[in-house]
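One structure below.
The values are calculated or read from the model by the stated rules, or taken from the named source; none is laboratory data. Just so it is clear, the structure is predicted and the values come from calculations on it, not from any experiment. We place every Cβ from the backbone using ideal geometry, glycine too, and count neighbours over all the protein chains shown. To get the accessible areas, we keep the full protein, side chains included, count just its heavy atoms, and leave off ligands, DNA and RNA. Shrake-Rupley method; radii C 1.70, N 1.55, O 1.52, S 1.80 Å.
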Amino acid sequence: MKKNQALMMTRRKLMGSAAALVGVAALMPRAAFAAEPIKVAGIYTVPVEQQWVSRIHQAAETAQARGDIEYTFTENVSNTDYARVMREYAEAGNQLIIGEVFGAEQEAREVAADYPEVSFLMGSSFKEDAALGNFAVFDNYIQDAAYLSGIVAGAMTSSGNIGMVGGFPIPEVNRLMHAFMAGAAEMNPDIKFQVSFIGSWFDPPKAKETAFAMIENGADVLYAERFGVSDAAQEKGVLAIGNVIDTQSEYPETVVASAIWHFEPTLDAAIAEVKGGTFKAADYGKYSFMAEGGSSLAPLGTFDGKVPQAALDLVAAKQAAIMDGSFSVEINDEEPKSS
């Protein structure tokens with residue numbers, strides 16, 4: 001109770017201080033005001049530990065640590081409650097609201113229309129609408145890194161059978177799976193893929209059971225798009241390829257490589273636009289590309305020296321070509337199918 005009272009008092013003090021600062025800021029030159037941290041709120045439908053959301057949360061905490069933003073967030077928000085939370089944060093004076101609206105697209109855009117002075121940067125399967133100038137979209141276009149991780153997977157499978165467990169067959173998942181499959185095919189065009197979606201963004205037990213079935217059906221490498229897959233791989237003694245975050249420290253003998261998403265370039269671009277008064281409806285997806293610093297292939301770590309040199313040489317060549325623009329990984333948003 002005492003801790004909660006202290007937090008409430010601290011929050012009141014902060015709100016009072018913020019109000020005073022607003023009054024002072026009105027008298028300050030625009031350049032000086034732009035140097036002040038902006039208020040940013042995150043709204044997430046899953047725990048911040050979940051792979052995808054963890055990258056957004058981490059980028060926001062990094063921006064806060066260097067003094068660019070004041071950051072608060074709410075996790076585990078249901079799609080039916082998403083619009084209400086958006087309104088509360090908009091009413092609270094947040095200048096930038098970030099999150100993911102894949103299951104609440106229409107409602108989220110309606111809220112944004114009611115608060116034109118607030119900037120919204122939302123993960124979305126749809127594009128920006130010029131008529132809604134304060135609502136920008138992003139997605140994790142990390143197909144470059146997924147492709148490279150596929151090359152590694154193709155070199156590490158002995159059975160030529162790879163299992164792939166995803167959340168939902170939406171564009172942001174589909175494109176990464178297709179890129180991964182294309183990379184694996186570079187090493188072995190005869191590889192067979194088992195593809196399944198669990199219908200959830202966060203259900204490790206279901207993902208684990210799905211992975212078990214794939215292993216029983218011959219898969220010796222698993223693409224862990226969801227939490228739970230690497231647990232199955234570890235228990236059954238097969239390999240896994242990570243997605244969005246690097247979990248090799250938790251599975252040192254299981255996770256060979258991971259395609260990493262770096263949200264920092266996306267968020268930093270939005271912060272600069274808000275501070276400069278130039279934020280507008282736009283697609284921030286490009287900031288996830290490898291050439292923009294938005295994605296990378298995690299170090300091999302415990303698997304250093306265990307991946308065939310031919311695969312490493314191909315990864316190096318393809319990465320160089322991606323960075324200099326001479327090679328582009330295909331973006332295929334169609335639902336992938338089992339071989």
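Odds and ends about this structure:
- Euclidean distance between Cα centres, region 313-339 to region 64-97, Å: 35 Å
- Net charge over other residues, Cβ less than 13 angstrom from the Cβ of residue 212 (K, R count +1; D, E count -1): -1
- Listed values [x] 18.9; [y] 16.2; [z] 18.1 include one computed from this model; for mean projected area of the Cα convex hull in nm² that value carries the label [x].
- Bridge orientation summary for the chain: considering DSSP beta bridges with both residues in this region, about 5 percent are antiparallel.
- Pairs over the 27 Å Cα-Cα cut-off, from the set 192/318; 236/337; 206/286; 39/280: 206/286.
- At an R0 of 25 angstrom, the distance between the Cβ atoms of residue 132 and residue 75 translates into a FRET efficiency of 0.45.
- Extending 7 Å from the Cα toward the beta-carbon at both residue 338 and residue 88 defines two label points whose distance is 4.3 nm.
- Average accessible area per residue (Å²) across the chain - probe 1.4 Å, nucleic acids and ligands excluded: 45 Å²
- Potential lengthening between residue 203 and residue 36 on full extension [0.36 nm per residue; Cα-Cα distance subtracted]: 56.1 nm
- Helical content of the chain, expressed as a calculated mean residue ellipticity at 222 nm, amounts to -13500 deg cm²/dmol (DSSP H runs of 4 or more residues, -39,500 (n - 2.57) each, divided by residue number, nearest 500).
- Length-normalised contact order of the chain in % [C-alpha pairs under 8 Å, at least 6 apart]: 18 percent
- Accessible area of region 96-242 belonging to carbon and sulfur atoms, whole % at 1.4 Å probe: 49 percent
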